[in-house]
Amino acid sequence: MKSSVINLLGPTLSLGLVVLCLAIALQESADGLLQRPGPSGPDNGGKAGIGDLSDAGNATNSVKCMLRGTPRPPVFTLEGDYLIGGAFSIHYYTKTVKHNYTSLPEPLECTGSMDTRELRFSRAMVFAVEEINNSSDLLPGITLGYQIHDSCASVPVAVQVAFQLANGLQRLYDSNKGCSPSGRVTAVVGESGSTPSMSMSRIFGPFEIPQVSHFATCACLSDKTQYPTFFRTIPSDHFQADALAKLVKHFGWTWIGAVRSNSDYGNNGMASFLRAAQNEGICVEYSESFYRTDPQSKIQQVADVIRRSTAFIVVAFTASGDMRILLEELARKPFSPRQWIGSESWGTAPEFLKFGFCAGAIGFAIPQSIIPGFREYILDLSPTKVAASQLLTEFWEGAFNCQLEKKAGSADRVCDGTEDIQKLQSPFTDTSQLRVTNMVYKAVYAIAHAIHNIVCKKIHSIIQCDQFMKIEPLQVLDQLKRVNFTRNGYHVSFDANGDPVAFYELINWKRNENGGLEFVTVGHYDDSLPIGQKFNIIRNISWSDGGAQVPVSVCSDSCPPGTRKVLQKGKPACCYDCVPCAEGEISNTSDSSDCYPCPNEFWPNEENNLCLPKPVEFLSMHEVLGIILAAFSVGGACLTIITAIVFFQHRASAIVRANNSELSFLLLFSLTLCFLCSLTFIGPPSDWSCMLRHTAFGITFVLCISCVLGKTLVVLMAFRATLPGNNVMKWFGPAQQRFTVVSFTFVQVLICTIWLVQKPPFSIRNLTTYKEKIILECALGSALGFWAVLGYIGLLAVFCFVLAVLARKLPDNFNEAKLITFSMLIFCAVWTTFIPAYISSPGKYTVAVEIFAILASSFGLIVCIFVPKCFIILFRPEKNTKKNVMGKQ
């Protein structure tokens, strides 16, 4: 319990002490600040007089308003009827302030080197105001004043400047009606950076003071709910990020590195770019952020990442001050060249041209412009004019390495008057490519036009302005939304978000004749044009290697057509392997993520990048196999006809007469048809040819087998008729033989007719047997019909073979039954082997097997039955006698 009380009492006492200290500090602060001016007045040496304001009577008579803190004096100031504020990052850093919490902290001071480009921006504002004051068309009789501050590229300083511009420079206001707003500005030009601009805009917003930036490009500033009084003459980074992504994609780069400023400008701009790049199929190897105030180890780490990377392209979305630090670090150690892609912040900064390894860099920039008289104004500086300004004095002494006045303890020489600013090579004096400077110029004129529309009226063609009219910043804000004018050929207007139309130049860092680098415009990007026409390259680009060939930056080489991408495990989408398309699939574009199957009647070419019509295959008369089979078919028919001629010429001979000449001629006729019907199987099948070939084959073969069967029966019955008392031959006369042949054939005709009527054969395009080609073939229609035709032929052949075997030992010298036995043996063997061969043979070889079976069985019949007889008739006529035939010799 005791321990718990102690634990509880300790923090309570600590908190009480803190509250007590704060109360004492607040009381002391109130005692010190609530004081009336002493005899010295409000500007007594920059310190307020001391006097007790506790008198309640005095407090009710007037209101005392004192500016807190130490005011920052403007670097350039001019009194006028209406004041315009200005804020520029003329210095890079602020002096580090240490807080000891025993005294008020020291005022924030700028330190470090000077950004002379920003100094030129501030002088452009002065030039524009002086030009407007001397104009008879814009605000005639009205004098514009300005208060221009150096924000040191620092958010705290920018915030202080914003409060000061919103309140004025007077330390103390004394009015019977309240605190006077006379010191505040009507509008503000600046800041150069996005982060300081955001901080300033959040302060100006509640006071409805319009702010027009010349160089703050963060897309977040277009949000009018957060920054209602913000305008800019430079396009938003939303457009630049999209343009950069399209630029990278245009050159085929899919593997890049990215560096950015660790600020609102860099982080928001890079985020927009990465989203656009992802939509374009671009992969990022690394994305590093840094800030110029980071430790040297952090800057070195970013530089080492760039040196070790495999990505040849580096996109840098950085502020110019940050980029200078990175380039200086990269310059310390040699590394392989990189192709730099720059944002508009640093892409045209002249001080970076000294870095030779940036040769070939490209990036978008604000269009270069011409401001008449500005160069003469910039160069119109003399030691006398310079000495009147502390900032110009710092610039002069730094540029010429001398001192305007001798300072105690300084070793620098005193400027002797020979310093010539005309010969000075500095971003301050470089007016060859005015880009952002023109944005400052347009911002001042936009504010001037807004004020003009409030205080000036055109009466009888004469412009009259009321210089005593009190205007509120809200009025200027309202008129800024409506400004629409052209100055020096450059249009100025704002959309609903306070943004101008996005137009960029594509800048290339090329080497000149002297070996130095210079900015060359090589293209344009106009967001107002239709999609596909926004990006335009008008000149050849010089790359980092000095050549005109576009460098390559990919994680994996492009996959050619005919292959597809397969992502590498654990790597970005741009890192992949190229795998050939599977069988039957193609890809006709490079870097295809998938392959696509060809339509049914198409097949890929050898490269798998094009679907071609599948070759149509059938047994053709123009190929070797078709020619051979056709030759045998015609040869067999000719042989049969020759045999018939021989038999006809020797029809009276013993052999012809003994072997039933009528059936022999009918058999020769049927064999001729068998040989010729095989020709119907050659050529492209059609529905008619499919029906013809199968029915012709079936009928002619049955006719042939019927004749052979008739001859066999005649031989067998003839032997039995020689036996005593046997009168069987009267049933196998010529009429009965004809009837037998017709009857057997009619059955086959009937089977074929039923087949054709019910489900006839038809031609088909076979796409399944071969994937890569189409087989033109005949479908059976009814398989039962086909096998019925074939089975009937086989049945007759087997029956004939059995009868021939039974008659093979008849005691004739010339036993035709033996010949028929051999022919039927061949016939049955051929058709027995035909069935498995027919089923297993693919495509046109099915037809070839069928033709071969027809020809083989036909040749078997003619060779076994007729060739021996023709041999005797032609070469052994002495044996062609009745005695020899009957075996009685």
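A compact table of results
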item	result
Charge sum, other residues only, whose C-beta stays under 11 Å from Tyr770's C-beta, Lys/Arg counted +1 and Asp/Glu -1	+2
Calculated Rg and Dmax of segment 563-613 using C-alpha coordinates, Å	12.1, 41
Contour minus Cα-Cα distance for Arg68 and Val747 (0.36 nm per residue)	231.9 nm
Compactness of segment 330-440 - radius of gyration and Dmax, Cα, Å	17.8, 49
Cα-derived Rg to Rh of the chain, Kirkwood definition	1.43
Cα-centre dipole for the chain with unit charges at Cβ (Lys and Arg positive, Asp and Glu negative), debye to 20	5680 debye
Count, lysine Cα pairs under 27 Å in segment 429-542, 8 or more residues apart or across chains	12
Diffusion constant of segment 382-430 at 4 °C, which comes from Stokes-Einstein with the Kirkwood Cα-pair radius and 1.567 mPa s, µm²/s	115 µm²/s
Residue pairs, from the table Lys298/Lys354; Lys333/Lys571; Lys385/Lys423, whose Cα atoms sit over 27 Å apart	Lys333/Lys571
Value of [θ]222 nm, deg cm²/dmol, for the chain, DSSP H segments ≥ 4, -39500 (n - 2.57) each, nearest 500	-14000 deg cm²/dmol
Positive dipole terminus of segment 537-600, leading residue within Ile541, Val579, Cys555 (C-beta point charges)	Ile541
Label-point separation in nm, Asn100 to Asn279, each point 7 Å along Cα→Cβ	5.7 nm
Table column - 3J(HN,Hα) (Hz), segment 474-491, Karplus curve with 6.51, -1.76, 1.60, x for Gly and Pro	4, 5, 5, 4, 5, 6, 4, 5, 10, 4, 7, 8, 10, 10, 6, x, 10, 7
Extension reserve of the Val863-His250 stretch, reckoned as 0.36 nm per residue once the Cα distance is removed	212.7 nm
Formal net charge of residues neighbouring Tyr525 (Cβ-Cβ distance under 10 Å; K, R +1; D, E -1)	-2
Interchain or long-range residues, amide H under 5 Å from Thr143's placed H	Asp81, Tyr82
Distance histogram for segment 603-703 (every C-alpha pair counted, 10 angstrom bins, percent rounded to whole numbers)	14, 30, 25, 16, 8, 4, 3, 0
Rounded FRET efficiency, nearest 0.05, which uses the C-beta distance separating Phe485 from Val550 and R0 of 60 Å	0.90
Inter-part distance where segment 678-718 and segment 503-580 are each reduced to a Cα centre, Å	76 Å
Sequence-distant residues sharing a close amide H with Phe485 (under 5 Å, placed H)	Val492
Hits among aspartates and glutamates - C-alpha to C-alpha of Lys844 under 17 Å, sequence gap 8 or more where chains match	Glu617, Glu623, Asp687, Glu772, Glu777
Low-density loop cleavage sites - GluC sites (Glu not before Pro) in segment 457-552, where at most 12 other Cβ are within 10 Å (DSSP)	Glu513
Cβ-based net charge around Asp150, under 11 Å, with every Lys or Arg adding one and every Asp or Glu removing one	-4
Unit charges at the beta carbon, dipole of segment 382-430: most positive-side option, Leu424, Leu392, Gln403	Gln403
Residues with amide H under 5 Å from that of Gly781, placed H, sequence gap 5 or more	Phe762
Three-way shape call for segment 357-396 based on the alpha-carbon gyration tensor, with the a/c threshold at 1.5	oblate
DSSP beta bridges in the chain [antiparallel fraction, %, rounded to 5]	60 percent
Sites matching trypsin sites (Lys or Arg not before Pro) across segment 438-538 that sit in DSSP coil, with at most 10 neighbouring C-beta atoms within 10 Å	Lys470
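Rule-based calculations on the coordinates, nothing more; no lab input. Everything quoted here is computed from the prediction, not taken from an experiment. Please note: Cβ atoms are built from the backbone with ideal geometry, for glycine as well, and neighbour counts cover all protein chains shown.
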